[in-house]
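What follows is calculated from the coordinates using simple rules that are stated; it is not laboratory data. Remember, it's a predicted structure, so these values are computed and weren't measured experimentally. Because the Cβ atoms are built from the backbone with ideal geometry, glycine has one as well, and the counts that use them run over all protein chains shown.
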There are 2 protein chains.
Amino acid sequence: MSAPTVEPTTAPAAAPADTAPAPDPRLREGAFGNATALACRECGHQVALGPFYACPECFGPLEVAYDFPAVTREQIEAGPRNIWRYKALLPVPDDIEQSPNTEPGFTRLLEARNLAAELGLDKLWVKDDSTNPTNSFKDRVVACALSAARELDAKVFACPSTGNLANAVAAAGARAGMKTVVFIPSNLEKPKQVNSAVYTDKLVAVDGNYDDVNKLASEIAGEEEGWAFVNVNVRPFYAEGSKTLGYEIAEQLGWRLPDQVVIPVASGSQLTKVRKAFQELVALGLVEDKPVRIFGAQATGCSPVSTAYKAGVDAIRPVKPDTIAKSLAIGNPADGIYVLDICRETGGAVEDISDDEVREGILLLARTEGIFTETAGGTTVGVLKKLVETGQLDTSLETVVINTGMGLKTLDAVADRVGPAATIAPSYSAFVASGIV
Amino acid sequence: MSAPTVEPTTAPAAAPADTAPAPDPRLREGAFGNATALACRECGHQVALGPFYACPECFGPLEVAYDFPAVTREQIEAGPRNIWRYKALLPVPDDIEQSPNTEPGFTRLLEARNLAAELGLDKLWVKDDSTNPTNSFKDRVVACALSAARELDAKVFACPSTGNLANAVAAAGARAGMKTVVFIPSNLEKPKQVNSAVYTDKLVAVDGNYDDVNKLASEIAGEEEGWAFVNVNVRPFYAEGSKTLGYEIAEQLGWRLPDQVVIPVASGSQLTKVRKAFQELVALGLVEDKPVRIFGAQATGCSPVSTAYKAGVDAIRPVKPDTIAKSLAIGNPADGIYVLDICRETGGAVEDISDDEVREGILLLARTEGIFTETAGGTTVGVLKKLVETGQLDTSLETVVINTGMGLKTLDAVADRVGPAATIAPSYSAFVASGIV
């Protein structure tokens with residue numbers, strides 16, 4: 001029996017909304033672990049697990065639904081030191097560790113005393129995803145997408161991307177030994193091309209902007225059989241990977257939830273999944289329930305969610321991005337409305353800052369905590385600062401800020417702002433005369 | 001009582017060689033954990049723990065000596081997920097986790113099935129230190145140097161460097177809140193300057209080559225009080241950090257030693273310390289004793305140790321480096337003679353490859369395992385390949401290759417070798433016509 005190859009169809013309108021649909025008989029048992037179906041986030045309609053991302057009833061986004069067994073802290077702690085320690089809570093098979101993957105996750109949670117003192121916070125932590133295998137949180141979601149691609153017997157592993165996602169997909173595909181195709185805009189800077197091309201000889205440059213590349217990817221997904229585009233037709237599985245950020249924060253805090261979390265918002269998926277992770281941990285009895293205020297961070301040059309939040313409206317008006325925070329530059333964020341709901345419901349907020357403040361955020365984190373983040377992290381740290389200054393964040397509450405990526409990928413953002421304090425002749429007297437210390 | 005500030009003196013010729021010297025009374029108790037003294041690697045003479053690096057009797061290199069208590073696997077496994085899980089085996093205090101540091105280590109040990117198949121090896125692992133906080137193994141040694149600097153009440157944390165070490169020192173110093181000064185050659189490429197300057201406003205450019213910068217650092221260490229140069233006057237503590245690579249390999253293999261290890265050779269310190277780590281684990285009863293063949297890797301453009309190995313001589317003749325593997329470009333390696341001893345004694349070898357083979361090594365690792373390494377890692381992987389091809393490495397034995405750094409730092413090495421397979425118009429028909437898949 002061979003597994004189904006990924007097909008880019010809409011989901012079959014099969015089962016009644018209150019019954020889990022029968023699994024595709026071509027899938028091996030437990031292919032998606034404890035996941036039971038894909039459920040529409042809007043109308044609740046459920047369809048069988050497969051390469052589907054839109055509800056056949058209402059076209060709402062599909063999300064993985066589960067029937068979790070009892071899971072203990074001890075079971076998790078005995079697992080590997082990567083995201084697979086949470087495999088029981090992800091749509092992956094129980095033998096996931098046996099299949100070559102990049103083994104991402106379980107990154108540092110650092111107490112940030114210097115940054116806390118600088119901002120006037122009582123207790124602050126940085127969850128640092130810049131130390132993932134390809135230096136961004138994308139390794140988490142791609143690892144889950146890779147598992148889905150494998151179980152669905154995909155022939156090609158693929159994505160459209162301009163940066164972090166391309167790196168993560170190219171690296172994971174190489175390690176898995178799968179044919180991997182990455183589509184990028186042809187005008188992408190050379191260093192970013194190299195950082196993906198090093199892993200795959202199937203990098204495709206497309207003459208157009210990112211929207212054009214994205215559209216082409218959807219078209220290929222619709223025409224070709226057996227392609228798993230991580231952020232298109234296996235997106236529901238992919239998105240679940242972000243939950244591991246929430247699990248890790250709770251476990252690394254000693255199995256408890258923080259009071260406040262600040263999270264960058266691109267599509268908004270990560271923020272919604274961290275929330276989902278916290279709720280699952282509570283439901284499973286792994287942490288005590290408590291209020292957690294959730295804050296979203298955007299760059300002003302692409303701040304459709306922050307704009308809606310401040311205007312007090314529910315609808316997100318798409319924008320044309322113009323910011324140095326390119327990994328957050330999604331003008332029409334798919335999960336924007338859910339971010340609004342969550343931030344309002346939990347007593348959080350969505351805030352945005354200028355590109356200059358993004359640059360200052362990068363330097364602030366580097367100089368206080370020795371973490372060199374990319375523009376997305378600069379945005380998150382800069383927004384944290386602004387939330388404190390505007391009184392939106394409670395400085396007496398324990399706060400976690402998520403750093404999603406690494407500064408070497410966006411060097412240009414700060415290259416003109418830092419440099420040698422002095423240039424001296426190679427002698428002790430020249431050093432003394434410089435007065436540098 | 002205040003701790004002594006770091007002073008760049010030669011070690012006091014105090015105790016007889018067979019007695020541990022009394023600790024400096026100004027140090028707090030347990031400042032260096034289970035370390036008892038600094039012992040000369042040549043003559044065995046011991047001096048008290050302090051900012052000393054040369055034997056007062058024979059000018060040989062000083063190394064940390066210990067009186068280890070009983071240490072169990074369970075104690076180590078219950079520790080933090082970074083190098084401090086091995087704190088009982090390092091010259092650091094028992095409360096080291098309380099002092100802000102970058103929390104490096106416990107990086108991935110990946111089974112490399114694709115690379116093994118490509119090279120014809122039965123069992124191969126990659127120890128991947130590119131996911132350390134500043135993306136190289138230097139975070140390990142710098143964390144130990146930082147602890148020494150703190151215990152010695154240093155006023156300034158410093159180093160001369162052109163790359164990875166500068167990044168690690170600048171980041172660790174920032175997080176520790178110490179005044180941190182990093183000296184670099186003034187002609188260093190801008191991206192490498194930025195990658196250190198982002199952390200500190202005390203980057204000093206020196207008009208000269210790396211040797212000039214190094215000399216200036218030694219001069220400052222000799223003239224100024226309270227400076228801790230990680231790779232000069234606190235070097236014995238610094239160097240111990242490399243042992244954690246060996247501990248982790250053994251623990252991650254399930255508390256056993258591999259049969260063969262391939263390690264890059266710059267100063268040679270890392271290779272000697274990995275060996276020391278294996279010996280300590282055996283002595284402590286934490287792993288079973290067994291033969292481990294140790295191999296050193298150099299780039300031909302800076303291969304003084306490999307040259308001596310092949311010539312069958314004991315003396316290392318210094319060279320003027322000319323290779324793209326700049327983080328390995330030490331023409332007069334301090335630990336070269338010990339590397340020769342170890343590789344010969346264990347049945348290993350020292351081998352070198354051309355810069356073109358270094359570039360091929362980078363691509364080989366990226367395409368087979370999804371790990372983007374810098375030129376040093378390209379050297380190590382390329383040498384692994386050559387060792388197999390020349391029959392110096394036993395392909396039936398379990399082998400570990402160490403990746404010490406990250407490809408984003410040396411992008412230029414491969415920038416001209418990789419790129420898009422095709423550039424197409426943004427349409428499905430153009431994609432099909434390209435024949436790329």
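Key figures for this structure:
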read-out	value
Square roots of five times the Cα gyration tensor eigenvalues for the range A:137-234, Å	19, 16, 11
C-alpha long axis of helix B:336-345 to longest principal axis of chain B, angle in °	70
Per-residue average of Cβ from other chains inside 10 Å of B:189-196	5
Average other protein chain Cβ within 10 Å of Cβ, residues B:128-135	5
Around residue A:406: net Lys/Arg minus Asp/Glu count, Cβ-Cβ under 10 Å	-2
Computed magnitude of the charge dipole of the range A:129-271 (debye, nearest 20; Cβ of K, R +1, Cβ of D, E -1)	300
For the range B:169-178, Karplus couplings with θ = phi - 60° (6.51, -1.76, 1.60), whole Hz, Gly/Pro x	5, 4, 5, 5, x, 4, 5, 7, x, 9
Residue mean of other protein chain beta carbons inside 10 Å, B:359-371	5
Taking the range B:137-234 and dividing mean pair separation by its residue count, relative contact order in percent (alpha carbons under 8 Å, at least six apart)	33
Once the Cα gyration tensor of the range A:36-160 is diagonalised, semi-axes √(5λ) in Å	31, 19, 17
Packing rank of B:366-378, B:37-49, where each peptide gets the mean count of other beta carbons within 10 Å, highest leading	B:366-378, B:37-49
Per-pair calculated FRET efficiency, R0 = 51 Å: residue A:187 and residue B:395 via Cβ, rounded to 0.05	0.65
Charged-residue dipole, Cβ positions (Lys, Arg, Asp, Glu), chain B about Cα centre, Debye nearest 20	680
Total charge dipole magnitude, the protein assembly as shown, about the Cα centre, Cβ charges on Lys, Arg, Asp, Glu only, Debye to nearest 20	500
For residue A:124, residues with placed amide H under 5 Å, excluding near neighbours	A:112, A:399
Amide hydrogen neighbours beyond the local backbone of residue B:20, cut-off 5 Å, H modeled	none
In Hz, Karplus ³J(HN,Hα) per residue of the range A:424-437 (6.51, -1.76, 1.60; θ = phi - 60°; x = Gly, Pro)	10, 6, x, 9, 4, 5, 5, 4, 4, 5, 5, x, 6, 10
Mean Cα-pair separation over length for chain A, i.e. relative contact order, pairs under 8 Å, 6 or more apart, %	14
Percentage relative contact order, the range A:193-282, counting C-alpha pairs under 8 Å, at least six apart	22
Pairs beyond 23 Å (Cα-Cα), from B:138/B:290; B:190/B:385; B:155/B:215; A:155/A:243; A:138/B:123	B:138/B:290; B:190/B:385; A:155/A:243; A:138/B:123
Calculated from backbone phi, Karplus (6.51, -1.76, 1.60) coupling profile of the range B:194-201 in Hz, x at Gly/Pro	4, 5, 9, 5, 5, 8, 9, 8
Residues whose placed amide H lies under 5 Å from that of residue B:66, excluding near-sequence neighbours	B:36
Tilt relative to chain A, helix A:269-283 - C-alpha long axis, 0 to 90 degrees, to 10	70
In degrees, nearest ten, helix A:210-223 long axis to first principal axis of chain A (Cα)	20
By average C-beta atoms within 10 angstrom, highest first, the peptides B:173-184, A:344-355	B:173-184, A:344-355
Cβ-derived FRET efficiency at R0 60 Å, residue B:155 paired with residue B:322, nearest 0.05	0.95
Inter-centroid distance (Cα atoms) of the range B:310-324 relative to the range A:97-156, Å	42
